[in-house]
Amino acid sequence: MRWALLACLWAAACADDTRSAGGDGTYEAAVPAVGDRLAVLGSDYKSSALSLLAADSQQRVGAALWHSGSLVSAATTALSGDVALGQTAMSDGRIIVIDRGSAVVSFWDPLTRAIQQIPVSTGFYSNPQDAVPIDAHKMYVVRMKRNVQPTADPGDFDEGDDVLIVDPSDGKLLGRIDLSPWATLPGYVAAGSRAVRIADRVWIPLQSLAADFSHQGATRFLAIETKKDTVIQIVDAPSVKNCIEMAWLPDLQRLVAVCPGAYVDRAAQGDHAGIVVLAPGDVTSTTTLAFAAKDFGGATTLGRDVACLPGGHCLVATPGEPDSGTHDRIWRFELTGGAPVQIGEGSGPFAVSGMTAIAASHRILVGDRTNAAGDVRVFELSATGTVEKPATTSNPGGLGAIDFGVF
Amino acid sequence: MSLRVRPLLLCLFACASHAALAADLPDQATPSTLPTWRLPASRVHGRKPDLPAAELDPTAAANVLTGEDLRDHHLSIPEALDAQAGLRVQQLSGFGAPALLSIRGCSSEQVDVYIDDVPVLSLDGSPLDLADLPSGQIERLEIYRGMTPSALGSQSVGGTLRLTLRQPNGVGGEVNGGTGSYGARQTEAAVAWHSDALRISGGIRWVHADGDFPFRFDNGTLYNTSDDATRIRQNNALDRLGGTLGAQWQINKRWSLQGRWFGAGLKQGIPGPALFESTTANLTRDRQLAAVSLLGQNIWRQDDRVRVSLQGNWLGTGVNDPHGELGMPWQTTQAVRTMGLQTVWQTPIAGVLSAVTRLSAMAGDVATHDGLTGTDQPTSSRQSLQAGLGLPLHWQESGIQIVPSVSVEAQHSRRTTDESYPFTTREVTVAENALWTTRLAAAWQVLPWLAPRVAWTRGTRAPTLMELYGNDGVIRGNATLLPETAMTWDVGAGARYEADQWTVAVDASGFYKQVDDLIQLSSVNAHQARFDNIASARLFGVEVQASTRLFKQLRLVGQHTTLVAEDTSGRPAYDGKALPMRPRTRWSLRADWLKRAGVLAWRPFVTGQWQAGHFLDAANLVAVPAHTLVGGGLRVEHKPWQVFLELRVDNALNAPVVDLVGYPLPGRTVWLQLGWHMWRDDETPQPVETQPQTHDIAEVAP
């Protein structure tokens, strides 16, 4: 009895919160087949967690299967707070995680939980934005940051502001495609963003930022031919700035890009914010400003995500304003024309982040990270209307969704 | 700019605090019996109480450190405070690095700081960098956990650090210097002189550290150890240069005038996260503080005391990262200018009742210049008025004290322009705050060796100008913020027992605190964050501090802290989880052995600290394990020559310690220190013990 009491006292005196911490999450259902794996990234921009759903049914497969605390060292964590998911699937169904904070591209196998990692920093904070697998031995990594102090050796590929070419099988660096010459203003950082692969071309929007972020040029879309690793086509979009994400519509052969406008020029941000549409197959193509930001209820900017279903049914969000308590709003717009229609409201300001289209079920999933009813909101779109289906909670009691990827 | 660099920059900016300094009359003393600069005889093996009581409020849970303790053990202020019950100090790097104080799990922004009883004003919210403070020029440190004495100011949320600088009473000087691992060097000197009516003292301190310690570099690929390597931390050097100057003029028997100046300069590299170390990014900070105090006694009533202090301070901070090694290129300088006037009058009223009244006014602004664009950022400013009243009751015979107090404050804050750069919408915004705080506490000297106490406190913290108006873009402002409020319930007792061969003193406290409208920085996206009243928290715990002397030669000092800090915000991802960076339990122990041999005194010592594992993020995903730190050393003193030599080893077991992922701390370090005192042992009056509870105990030395 006395020893039991002493043991209790000792346990209380040396209590440790982390002893009750859970490890990586457990599977609640079988891992879906390749192509039906919906990776959901939850984050509060301080730490991150990767959960898995079935893309078609939105059934949760496992919550927080890999997260920031899965492994921790003095220098890094398994996942930093600044993470994104790849937007192009790998043929083997592994999930591509781009850790912008640590400049590492990881491939996570949901079947075995094996993790392969490729550092793409080349010695500096390169801020990778996307990773596009080309084949089993070639992958493009879009790096936004320019290295102001590169070495003289061009063979170490440490210049940045480029597309780094790596072999995903062994992590070997194969080369780089310099994006700097393609910035729309001389000397600016081209600052490539999230990419879309269309057949043998990879399309990348360039943000054209001044080195000190004090000014931003107009957007340019650039296509890289994947066999020759050269820029083969450019399309300028002089009416918009800061285009971040694109959605590809194979049936219409159109690329839809969302452009929130220049944050650095807040007063005029709305003048350069909107939705533009490209016809990548047309070599003489220029962009069409399909919608200005003000078409979405008078907004002065847009969210950074866009998702479209066949037929040109698309969703985009407009951010709320914390000072006034205005919530984010979710809008539907049609490429065929007509005024955008608000179909929902986010759970708060800056709550809506991440969109992906599931063509088979005519659904677009929207991340709403603080939504109590579920952070993965489901909108079923048809020609006649929009129905919101019950939301799914990707990570109960954990970090809400900010990005999606289908693998 | 990615938020990955924000923790560092915030911490560095947080260290760029404003402070004010004044020499004034300790509340329990008179101008002619100010606590004095102790002479070497008492400093080496003085008559020291084991757990000195707080001077200003016997009902408080408090930690007290004397300058003798700091100098005898050659402890920096961060090191000394980190070993106290209920306190924790966080450092981003090694020797001399910025250090922030947390009391009872409250952040450093929630801790009020007073230097010589004049408040350190923090308009932009930066807490005091403890490493700015020169331990060699400290007379006394008092930390009031969860409260603020009514003679100082309104009740804070976290607690109060009261720092008293050495008073100019001796004649002579001292100098000491040391060197240690990773280029650590420090030199400190002090001089003092006095005549019948005038006393002058000054001190200077220089600190340098290369900070080039090794750490394990994983290349960001934690699952691939083949590319791991040991690297040397770079761009982590720092230099500090600071000093104090004080003067006291006894005008007549009733009035005296005191003046103080305190300056502290810092220049250091900002190394960046270990994964992407910088080469040129750097921080500079220059703090200039001055105060003049008029002190009086028996002015309007017998035994009353009055203090009128005028303070001014200037704090300049520069962050220089022209190449954007930490994210976005950045080159800003910030100036914080503050003026304050404070009047405190303490007087007996009738019988057991006395009164403490306090009036203060403050005005200041924060101006920022962007060096990259050559533009001046919008200026923020604040004016405030504060009034406080305490009505302590003290029944001498029964030993019961009841201390009620109340304070009100009105603040007016505004930003002067709507220009913005970059990323930020700014409006000409006025924020008005009316704050009130109160406290009711009681203590009872039940037995000569036992004194229990109980207290209830309502404290507040007004949003800072940084929180209201943001910075140059990465942090958005929120002019609608409400003040944080905290309700704290305290119970505790101090006990002390003496015998022939040993003494023991124990102070134990239990507390429960509910903090609402917590202002926290929340990321709105990967590039921006903003402050919101988004959280509430529940904190409770137990703190025990003990000290004992055995056989007149062995002294043991230890502490235990249990702290339960839970998020009660109701947000699904955080509710019920532990607040980050708050270990649930901590232990510290120090043992000193004194052996005299002729003119030499040998003092070997060992130190130990155990800290529980804890989370580094609010989502409770990133955990760091428990760690044990063991150290020790030997100090040799030659009393006739007044010289000492000390060798010390910290973290002898080379335990890996992480306070913040990405910012590794050094492992084992060695420190060698040599000092020389040259004081004229004249008839300078010795300090009057200013607190009845601070009884002397038997001499340690035979």
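The values are calculated or read from the model by the stated rules, or taken from the named source; none is laboratory data. Just so it is clear, the structure is predicted and the values come from calculations on it, not from any experiment. Please note: Cβ atoms are built from the backbone with ideal geometry, for glycine as well, and neighbour counts cover all protein chains shown.
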inquiry  = For the stretch B:624-649, which positions are surrounded by fewer than 21 Cβ atoms within 10 Å (Cβ to Cβ), within 14 Å of chain A (Cβ to nearest Cβ) and not polar (S, T, N, Q)?
reply    = B:Pro625, B:Ala626, B:His627
query = Restricting attention to the stretch B:260-290, and to residues there that are in a strand (DSSP E or B) and either in contact with a Pro (Cβ under 7 Å, 6 or more places away or on another chain) or among the hydrophobic types (A, V, I, L, M, F, W, C) (or both), which single residue is surrounded by the most Cβ atoms within 10 Å (Cβ to Cβ)?
reply = B:Phe262
remark   = A careful count of residues in the stretch B:439-474 that are hydrophobic (A, V, I, L, M, F, W, C), closer than 18 Å to B:Ser522 by Cα and not in a loop (DSSP other than H, G, I, E, B) gives 3
query = Based on what the data block shows, is A:Leu41 closer than 23 Å to A:Val142 by Cβ and modelled with pLDDT of 90 or more?
reply = yes
inquiry  = With the structure loaded, tell me whether B:Ala618 is small (Gly, Ala, Ser), facing chain A (nearest Cβ under 7 Å) and within 24 Å of the chain's Cα centre (by Cα) or whether it fails that test.
reply    = no
request  = Would you check if there is a residue in the stretch B:589-606 being closer than 25 Å to B:Val544 by Cα, within 14 Å of chain A (Cβ to nearest Cβ) and in a strand (DSSP E or B)?
outcome  = yes
inquiry  = Quick check on my filter: what residues within the stretch B:303-330 are assigned to a strand (DSSP E or B) and within 30 Å of B:Gly371 (Cβ to Cβ)?
reply    = B:Gln311, B:Gly312, B:Asn313, B:Trp314, B:Leu315, B:Gly316, B:Thr317, B:Gly318, B:Val319, B:Asn320, B:Asp321, B:Trp330
ask   = What are the residues in the stretch B:489-509 that are touching a Ser or Thr at 6+ places or on another chain (Cβ under 9 Å), within 22 Å of B:Leu554 (Cα to Cα) and hydrophobic (A, V, I, L, M, F, W, C), if any?
value = B:Trp502, B:Val504, B:Ala505, B:Val506
query = Which residue out of A:Ala391, A:Ala373, A:Ala360, A:Ala383 is over 19 Å from A:Val306 (Cβ atoms) and part of a strand (DSSP E or B)?
reply = A:Ala391
note = Exactly one of A:Ile134, A:Ile96 is crowded, with 24+ Cβ neighbours inside 10 Å and in contact (Cβ under 8 Å) with a residue 60 or more places away in the chain, and that residue is A:Ile96
query = Out of all the residues in the stretch B:332-345, is one or more assigned to a loop (DSSP other than H, G, I, E, B), closer than 30 Å to A:Phe213 by Cα and modelled with pLDDT under 95?
reply = no
ask   = Does A:Leu71 satisfy being under 14 Å from the mean Cα position of the chain (by Cα) and hydrophobic (A, V, I, L, M, F, W, C)?
value = no
remark   = For the stretch B:209-247, the count of residues that are among the small types (Gly, Ala, Ser), within 13 Å of chain A (Cβ to nearest Cβ) and surrounded by 15 or more Cβ atoms within 10 Å (Cβ to Cβ) equals 1
note = Restricting attention to the stretch A:47-59, the residues that are under 13 Å from A:Asn395 (Cβ atoms), more than 12 Å from chain B (Cβ to nearest Cβ) and not in a strand (DSSP E or B) number exactly 0
remark   = Flagged in the stretch B:203-257 as among the β-branched types (Val, Ile, Thr) and part of a helix (DSSP H, G or I), in numbering order, are B:Thr225
query = In the stretch A:316-347, what residues are in contact (Cβ under 8 Å) with a residue 24 or more places away in the chain, closer than 29 Å to B:Gly470 by Cα and surrounded by fewer than 18 Cβ atoms within 10 Å (Cβ to Cβ)?
reply = A:Glu321, A:Gly325
remark   = Flagged in the stretch A:282-320 as part of a loop (DSSP other than H, G, I, E, B), among the acidic types (Asp, Glu) and farther than 21 Å from A:Gly405 by Cα, in numbering order, are A:Asp282
query = How many of the residues in the stretch B:475-490 are assigned to a loop (DSSP other than H, G, I, E, B) and among the hydroxyl-bearing types (Ser, Thr, Tyr)?
reply = 1
message = Against the definition (part of a loop (DSSP other than H, G, I, E, B) and buried (at least 22 other Cβ atoms within 10 Å of the Cβ)), how does A:Lys241 come out, yes or no?
response = yes
task = Restrict the check to the stretch B:284-300 and report whether at least one residue is touching a Lys or Arg at 6+ places or on another chain (Cβ under 7 Å) and within 30 Å of A:Ser102 (Cα to Cα).
result = yes
query = Quick one: which of A:Gln129, A:Gln116, A:Gln149 is facing chain B (nearest Cβ under 10 Å), modelled with pLDDT of 95 or more and more than 30 Å from B:Met581 (Cβ to Cβ)?
reply = A:Gln116
request  = Hey, can you tell me all the residues within the stretch B:433-473 that are under 28 Å from the mean Cα position of the chain (by Cα), among the aliphatic types (A, V, I, L, M) and farther than 20 Å from B:Leu518 by Cβ?
outcome  = B:Leu440, B:Ala441, B:Ala442, B:Ala443, B:Ala451, B:Val454, B:Ala455
All positions within the stretch B:510-557 that are hydroxyl-bearing (Ser, Thr, Tyr) and at pLDDT below 95 = B:Ser522, B:Ser523, B:Ser536, B:Ser547, B:Thr548
Filter result for B:Arg586 (within 13 Å of chain A (Cβ to nearest Cβ), crowded, with 18+ Cβ neighbours inside 10 Å and either under 23 Å from B:Ser509 (Cα atoms) or aliphatic (A, V, I, L, M) (or both)) = yes
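Every residue, every condition in (1) at pLDDT 95 or above; (2) surrounded by fewer than 22 Cβ atoms within 10 Å (Cβ to Cβ); (3) of a type in the set (Gly, Ala, Ser), yes or no:
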residue	(1), (2), (3)
A:Ile275	yes, no, no
A:Ala279	no, yes, yes
A:Ala307	yes, no, yes
A:Gly312	yes, yes, yes
query = Being farther than 24 Å from B:Glu543 by Cα, hydroxyl-bearing (Ser, Thr, Tyr) and touching a residue at least 40 places away in the same chain (Cβ under 8 Å), is that true of even one residue in the stretch B:490-500?
reply = no
Matching entry among A:Ala317, A:Ala359, A:Ala401, A:Ala290 (being away from every other protein chain (no Cβ under 14 Å), closer than 27 Å to A:Pro205 by Cβ and either touching a Pro at 6+ places or on another chain (Cβ under 7 Å) or at pLDDT 95 or above (or both)) = A:Ala359
ask   = So which of A:Gly93, A:Gly62 ends up being more than 14 Å from chain B (Cβ to nearest Cβ), assigned to a strand (DSSP E or B), over 16 Å from A:Gly354 (Cβ atoms) and not β-branched (Val, Ile, Thr)?
value = A:Gly62
